[in-house]
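Here's the structure we're looking at; comments come further down.
The values are calculated or read from the model by the stated rules, or taken from the named source; none is laboratory data. All of these numbers come straight from a predicted model, not from anything done at the bench. Methodologically, a virtual Cβ is constructed for each residue, glycine included, from the backbone with ideal geometry; neighbour enumeration extends over all protein chains shown. Accessible surface areas use protein heavy atoms only, side chains included; no ligands, DNA or RNA. Shrake-Rupley method; radii C 1.70, N 1.55, O 1.52, S 1.80 Å.
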Amino acid sequence: MMDERATWLRQGKGPTPDLRWSFSTEAPLLALDLARETGELLAADISGGLYLLDRQGQFLHLNRGIKDVQLVHWSDRGKLGAAIYADNNICCFDRDLNVLWAISFSVECLAITMDSYGDYIAVSIASGKTILIDSQKKKVSSFETIRPLSYLQFQVTEPHLIGAAENGLLCCYDLEGNCIWSEKHWSNCGGIALAGDARRIYLAGFNYGILIFDHEGETAGTLVFEGTPKVIACDYTASRIVAATVEQELYWLNEEGKLLWGGAIPDDAIEVACDPFGQWCICGMKSGLVQCLDWADAI
C-alpha cells in the first residue's frame with residue numbers, strides 16, 4: 001500500500017524517488033541542518049523543540065529548553081551544534097543537545113554556521129560585523145562588511161568562510177578575519193550552497209534563477225528553470241543540486257541545470273539539504289513534515 005505521505009512524489013516529472021523516511025515535528029518547522037558526514041539531521045520547531053535524527057530518520061534526542069530558535073547548524077562530524085534564538089542570542093550544544101554556553105549580543109543575529117569539525121562558529125550580526133568564536137566560547141577574530149551577511153558557510157577543504165548579503169555582496173574570509181575576496185552582484189538572494197572545495201558557489205537568485213560563482217567569486221553562469229528558487233543545497237562535488245521555489249515546487253538538478261526530477265511540494269519549504277554523494281535530499285516543510293527523498297536506485 002502506498003504511503004500517503006509519498007503521493008506527491010508520484011506526481012512529479014522524472015524518475016520518482018523513494019521516500020527514504022518521513023518525520024514530523026510537533027509544531028511548525030523553523031529551521032533544519034544536515035551533518036554531511038554522519039547523515040544526522042537537526043531540526044527546530046516554533047514551540048521550542050530541537051530534534052536530532054539519525055540518517056534513517058530515527059529520533060535520537062529532543063531539547064525543549066531553547067526558546068524562540070530561529071536558525072540552527074549541526075557540524076558535519078556530528079560533534080557540536082549551534083543556534084540563533086530570541087533574535088540576538090546564540091548558543092552551542094553537544095550531541096545530546098545540552099547547551100554548553102550562550103552569548104547575547106546588543107543587535108540582531110542574522111546567520112550562524114560551524115566548520116565541519118565543530119571547532120569554530122561564525123555569527124553575523126545586523127551591525128555588519130561577523131564574529132568567529134571557537135568551541136570553547138573564545139573569540140578568534142571578527143570583520144566588517146559593507147552589508148550585513150545573511151548567509152554563512154564554511155568551506156570544507158580550506159579554513160575559509162563564505163558569506164552573502166541578501167543583496168549585492170558575496171565574500172570570502174579566513175579565520176583571522178582577512179578578506180580573501182569580495183564581489184558585488186546585482187540580485188537579491190534567498191540562500192547559499194557551495195561545493196566542498198568552494199569551486200562552485202550557488203546563490204538562490206529568486207527571479208534570476210540560481211547564480212553560480214567560482215572559488216574567487218567570479219560569475220560562472222546561471223541555472224534558469226521554471227519557478228523562483230528561494231532555498232538551495234548541493235552535494236560535495238556540486239554534481240547534484242536541490243532547489244525549492246516560492247511557488248512550492250521542488251527540483252532535483254544535475255550540475256548543468258538539467259531537470260532530473262521536479263514536482264509540487266505539499267507545503268511551503270523552509271529548508272532543503274543534500275547528502276555528500278548526491279543520492280538523496282531532505283525537504284523540510286512549514287507544517288513540520290520533513291522527508292528524505294532517495295534517487296539511489298532511480299537515477
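From the list Ser47, Ser24, the one residue that fits, being in contact with a strand residue (DSSP E or B) (Cβ under 8 Å, 6 or more places away or on another chain), hydroxyl-bearing (Ser, Thr, Tyr) and farther than 21 Å from Ile131 by Cα, is Ser24.
Based on what the data block shows, is Phe59 touching a Phe, Trp or Tyr at 6+ places or on another chain (Cβ under 8 Å) and modelled with pLDDT of 95 or more? No. Residues in the stretch 37-75 that are buried (at least 22 other Cβ atoms within 10 Å of the Cβ) and not in a strand (DSSP E or B): 2 in all. Only a single criterion out of (1) assigned to a strand (DSSP E or B); (2) within 15 Å of Met285 (Cβ to Cβ); (3) among the acidic types (Asp, Glu) is not satisfied by Glu26, namely (1). Within the stretch 165-192, the residues that satisfy the criterion of being in a strand (DSSP E or B) and open to solvent by less than 30 Å² (accessible area, probe 1.4 Å) are Leu170, Cys171, Cys172, Tyr173, Asp174, Trp181, Ile192. For Ser124, state whether it is of a type in the set (Ser, Thr, Tyr), in contact with a Ser or Thr (Cβ under 7 Å, 6 or more places away or on another chain) and free of Cβ contacts under 8 Å to residues at least 40 places away in the same chain. Spelling it out, Ser124 is indeed of a type in the set (Ser, Thr, Tyr), in contact with a Ser or Thr (Cβ under 7 Å, 6 or more places away or on another chain) and free of Cβ contacts under 8 Å to residues at least 40 places away in the same chain. So, of the residues in the stretch 100-116 that are assigned to a strand (DSSP E or B) and open to solvent by 30 Å² or more (accessible area, probe 1.4 Å), which turns out to be nearest to Ala198 (Cα to Cα)? If we take residues in the stretch 100-116 being assigned to a strand (DSSP E or B) and open to solvent by 30 Å² or more (accessible area, probe 1.4 Å), then Leu110 is nearest to Ala198 (Cα to Cα). Considering only the stretch 197-221, state which residues are surrounded by fewer than 17 Cβ atoms within 10 Å (Cβ to Cβ), part of a loop (DSSP other than H, G, I, E, B) and touching a residue at least 24 places away in the same chain (Cβ under 8 Å). Residues satisfying the conditions are Asp197, Arg199, Glu216, Glu218.
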